[in-house]
Each structure stands twice: as structure tokens, then as C-alpha cells.
Amino acid sequence: MVIIGNKFEIKRCIGSGTFGKIYQGVNIRSNEPVAIKMEPLNSEVNSLKHETKIYQYLNGTDGIPSLKWYGSDLNHRYMVINLLKNSLTEILQQNTFLSLKPTFEIGINIIYILRSIHEKGLIHRDIKPDNFLFGYGENNTKIYLIDYGMCKRFTLEQGNHIETKQVSQIIGSLNYCSINTHNLMEQSRRDDLESVAYILIYLSTGNLFWEKITSSQVVKERKEALTSDIKIPGIPDTILTYLKYIRNLEFKETPDYEWIIELFSRNI
């Protein structure tokens with residue numbers, strides 16, 4: 001039995017990545033199930049400390065998991081949040097695709113979460129189906145957004161918006177990142193929202209027609225084709241309308257979240 005923080009027992013591994021591993025655990029005092037993210041202490045990038053600060057800053061925000069504890073021992077850093085269940089990826093693995101009603105219900109929930117994060121001056125920068133999970137127990141129909149290792153501020157201390165610039169590499173998932181990200185441009189709110197369009201395409205069709213391609217240039221060209229004059233069969237017009245709107249946003253422009261929610265609501 002491994003206990004951290006004097007009250008969280010580490011049980012079984014439920015995920016892993018470049019950061020380390022995620023375990024299911026339990027609060028031995030309250031019997032509450034938790035998720036425990038573990039990172040080696042000698043990791044070159046201390047992403048878990050950064051992510052913990054984001055969770056602390058977003059504490060109480062709807063759709064954001066609650067931070068339970070952060071600490072370390074001689075070998076690892078640990079972050080404990082409430083346990084969540086199936087991701088959108090796992091949901092789709094159980095279904096060939098989703099009908100428009102649940103697709104846009106999910107889309108509306110995602111927009112509400114992103115609006116809340118954006119209003120706090122943050123962008124997520126890794127919006128993808130794996131990072132949206134349903135709650136556990138009585139919250140099993142509620143969607144939560146996780147993984148804030150790439151999250152950053154888009155506002156400066158004076159409240160001014162950051163400036164656009166070139167960056168050295170793609171940040172986020174190749175399948176879900178925006179065209180601007182492919183072009184190695186600094187991200188802003190519009191880029192989080194463009195990724196949502198690709199999630200909705202994935203949910204409503206069951207696939208992305210670039211998901212097995214490893215070339216960033218080819219993936220970018222496939223994404224660009226979505227808003228060309230050539231209609232791609234099977235993709236709902238509402239998603240294309242949304243995508244065209246997002247791609248026309250300026251770097252510093254505040255998205256019209258209410259307009260987006262109304263657009264999606266017409267399909268429910």
C-alpha cells in the first residue's frame with residue numbers, strides 16, 4: 001500500500017504520457033475516489049507544478065476538476081484531483097458516431113468551459129477529445145476539461161493582450177490544432193475554439209480524414225479544405241459555419257461565445 005499526503009492511497013494505473021503516469025486512488029479518510037497524476041522528480045520540465053497552479057487559479061470554475069492535494073517525496077511529484085470517467089474518445093469508441101443532438105450538446109458544454117477559462121485570461125492550447133471527460137458518480141453527465149500542462153496566459157499584467165509572434169514548434173495535438181498553430185504562430189482564444197470544430201467533426205462523423213497522416217503540411221491542407229468552395233460530404237453545415245467564423249477572428253479578438261452557443265442550440 002502506497003499512501004501520499006497522509007491520506008491518498010495509490011491503486012491502479014489508468015493512464016500515462018510524456019509527463020509521467022496517472023493512477024486511480026482513494027482518500028482513505030473519506031473513501032472518495034481520486035485521480036493521482038505522478039511526475040518524476042528529476043523531470044526536466046516541471047509541468048505538474050505549473051498545472052497545479054492553473055488548477056488553483058481556476059478553483060471553483062464549472063467544468064474544471066477540483067485540486068485535492070499537491071506534494072512530493074524523494075522520487076516523484078504528485079497532483080491529486082477528483083476522479084473522472086470516460087473521455088470523449090472512449091465514448092466514441094463505444095459508438096460509430098454521435099447524432100447531431102448529443103454532438104452539439106457536448107459542443108455547447110465545451111464552449112461554456114472555454115469561455116470561463118478565457119475570461120480568466122488563459123488559453124488551454126491542447127483541446128482534444130482525450131482531454132474532455134465525464135464526471136464520476138452523480139456527475140456522470142457533466143463534462144470536465146483536464147490537462148493544463150500547456151495552458152498559458154494570453155493577457156499581460158496590465159490586462160493587455162499578448163502580441164502575435166512566430167514560435168518554434170507545434171503546441172498541442174496535430175489532429176486537433178488550428179491552422180495558425182500549423183503555421184507556427186502564437187496561439188490565442190481563436191485557436192482553442194478552432195480545435196473544438198475538429199472535435200465536433202470527429203464526434204459527428206466518427207473520424208477525421210487526416211488522422212492517420214503524420215505530415216503536418218498535409219494535415220494542414222486537409223483542414224484548410226474544410227472551408228474551401230468544395231463541399232466535403234458528411235460534415236454538418238453548422239460545424240462549417242462555426243469553423244469559418246472562428247478562422248475569420250483576429251488574433252486579439254474576443255469570440256462571440258453567445259452566438260456560437262445559439263448556433264449549436266439550433267441543432268438540439
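The values are calculated or read from the model by the stated rules, or taken from the named source; none is laboratory data. Because the structure is predicted, anything quoted here is derived from the model rather than measured. Quick reminder, even Gly has a Cβ in these numbers, built from the backbone with ideal geometry, and neighbours come from all protein chains shown.
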Looking only at the stretch 138-145, decide whether some residue is surrounded by fewer than 21 Cβ atoms within 10 Å (Cβ to Cβ), part of a helix (DSSP H, G or I) and not assigned by TED's automatic domain parsing to the domain that holds Tyr55.
yes
Among the candidates Gln169, Gln187, single out the residue that is in contact (Cβ under 8 Å) with a residue 12 or more places away in the chain and in contact with a strand residue (DSSP E or B) (Cβ under 7 Å, 6 or more places away or on another chain).
Gln187
Selection from the stretch 59-76 of residues among the hydrophobic types (A, V, I, L, M, F, W, C) and modelled with pLDDT under 95 yields Leu74
Do we have any residue at all in the stretch 51-62 that's in contact (Cβ under 8 Å) with a residue 24 or more places away in the chain, touching a Phe, Trp or Tyr at 6+ places or on another chain (Cβ under 7 Å) and among the polar types (S, T, N, Q)?
yes
Quick one: would you say Asp130 is part of a loop (DSSP other than H, G, I, E, B), surrounded by 15 or more Cβ atoms within 10 Å (Cβ to Cβ) and not hydrophobic (A, V, I, L, M, F, W, C)?
no
Filter the stretch 1-37 down to residues that are closer than 19 Å to Asp130 by Cβ and among the aromatic types (Phe, Trp, Tyr), then give me how many there are.
2
Checked against (1) of a type in the set (Gly, Ala, Ser); (2) surrounded by fewer than 15 Cβ atoms within 10 Å (Cβ to Cβ); (3) at pLDDT 95 or above, Ser116 satisfies every condition except (2)
Index of the failed condition, Asp191 passing every other in (1) out of contact with any Cys (no Cβ under 9 Å at 6 or more places or on another chain); (2) within 27 Å of Glu105 (Cβ to Cβ)
(1)
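Tell me, which helices (runs of 4 or more DSSP H) wholly within the stretch 182-268 include 2 or more residues that are in the same structural domain as Asn109 (by TED's automatic domain parsing) and exposed (fewer than 13 other Cβ atoms within 10 Å of the Cβ)?
Ranges flagged: 216-224, 237-247, 257-265.
Name the single residue that is nearest to Glu194 (Cα to Cα) among those in the stretch 88-113 being charged (D, E, K, R) and loosely packed, with under 15 Cβ neighbours inside 10 Å. So that I can check it myself, show each step before the final result.
Our first condition is that a residue be charged (D, E, K, R); within the stretch 88-113, this holds for 90, 101, 105.
Checking which are loosely packed, with under 15 Cβ neighbours inside 10 Å leaves us with 90, 101.
Numbers: Glu90: 22, Lys101: 20 Å.
If we take residues in the stretch 88-113 being charged (D, E, K, R) and loosely packed, with under 15 Cβ neighbours inside 10 Å, then Lys101 is nearest to Glu194 (Cα to Cα).
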